[in-house]
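S.K.: Here you go, one structure.
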């Protein structure tokens, strides 16, 4: 299934709309794996997120832009959107509106003004991270499951093929 089709599936759209934090995996500068939770926006073609220009993830993504993303809910049944792509980085002046919008998804509206004032006073610049999916898979555990589980189910019940 192609990436655009996976991302357009109703359950994928629900996860993108309702889950304000994704898990971003990348290779750290020491060669080890890292996974971090981070707020994001989905613009129907790419994931957008922002961070401090001097953060460890910026240096790591400059050295190796390959990433994996997971957006999930525990269920039952669990719902998992898996994405792979490459991060593109750009340093921008000030606090982008997108950063504020992504952050607002994680807090009640009455907290927005105080949060916005605090981050505008703190950040002179931010690094914008844009990830365009190159591969995607949705696991809904009703119509799709991990490949190994699907293979085992076919082997155990050949009539369902």
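The values are calculated or read from the model by the stated rules, or taken from the named source; none is laboratory data. Keep in mind that what you see is a predicted model, and the values were worked out from it rather than measured. A quick note on method: Cβ atoms are made from the backbone with ideal geometry, for glycine too, and the neighbour counts reach across all protein chains shown.
S.K.: Can you find, within region 101-124, the residue that is surrounded by the most Cβ atoms within 10 Å (Cβ to Cβ) among those that are free of Cβ contacts under 8 Å to residues at least 40 places away in the same chain and within 22 Å of residue 15 (Cβ to Cβ)?
M.R.: 104
S.K.: Keeping to region 135-161, report how many residues are in contact with a helix residue (DSSP H, G or I) (Cβ under 7 Å, 6 or more places away or on another chain) and in contact (Cβ under 8 Å) with a residue 40 or more places away in the chain.
M.R.: Going through region 135-161 one residue at a time, the tally reaches 5.
S.K.: Specify which of the listed residues (9, 24) is within 17 Å of residue 140 (Cα to Cα) and crowded, with 17+ Cβ neighbours inside 10 Å.
M.R.: 9
S.K.: Hey, among 114, 94, 85, 98, which residue is over 14 Å from the mean Cα position of the chain (by Cα) and closer than 22 Å to residue 17 by Cα? Lay out the reasoning, then the answer.
M.R.: Numbers: 114 fails: closer than 22 Å to residue 17 by Cα; 94 fails: closer than 22 Å to residue 17 by Cα; 85 fails: over 14 Å from the mean Cα position of the chain (by Cα).
It is 98.
S.K.: Does residue 79 satisfy being modelled with pLDDT of 95 or more, surrounded by 13 or more Cβ atoms within 10 Å (Cβ to Cβ) and in contact with a helix residue (DSSP H, G or I) (Cβ under 8 Å, 6 or more places away or on another chain)?
M.R.: Here the answer is yes, as residue 79 does meet what is asked.
S.K.: Hey, any hits in region 28-37 for a residue that's at pLDDT 95 or above, within 17 Å of residue 134 (Cα to Cα), outside any loop (DSSP other than H, G, I, E, B) and out of contact with any helix residue (DSSP H, G or I) (no Cβ under 6 Å at 6 or more places or on another chain)?
M.R.: Initially, region 28-37 is screened for residues at pLDDT 95 or above, giving 28-37.
Restricting the remaining residues to those that are within 17 Å of residue 134 (Cα to Cα) gives none.
Taking every residue of region 28-37 in turn, none turns out to be at pLDDT 95 or above, within 17 Å of residue 134 (Cα to Cα), outside any loop (DSSP other than H, G, I, E, B) and out of contact with any helix residue (DSSP H, G or I) (no Cβ under 6 Å at 6 or more places or on another chain).
S.K.: Out of 144, 106, 132, I need the residue that is part of a loop (DSSP other than H, G, I, E, B) and within 21 Å of residue 2 (Cα to Cα). Which one?
M.R.: On inspection, the qualifying residue turns out to be 144.
S.K.: Please specify each residue of region 38-61 satisfying the condition of being surrounded by fewer than 17 Cβ atoms within 10 Å (Cβ to Cβ) and part of a loop (DSSP other than H, G, I, E, B).
M.R.: Correct list: 43, 44, 45, 46, 52, 53, 54, 55.
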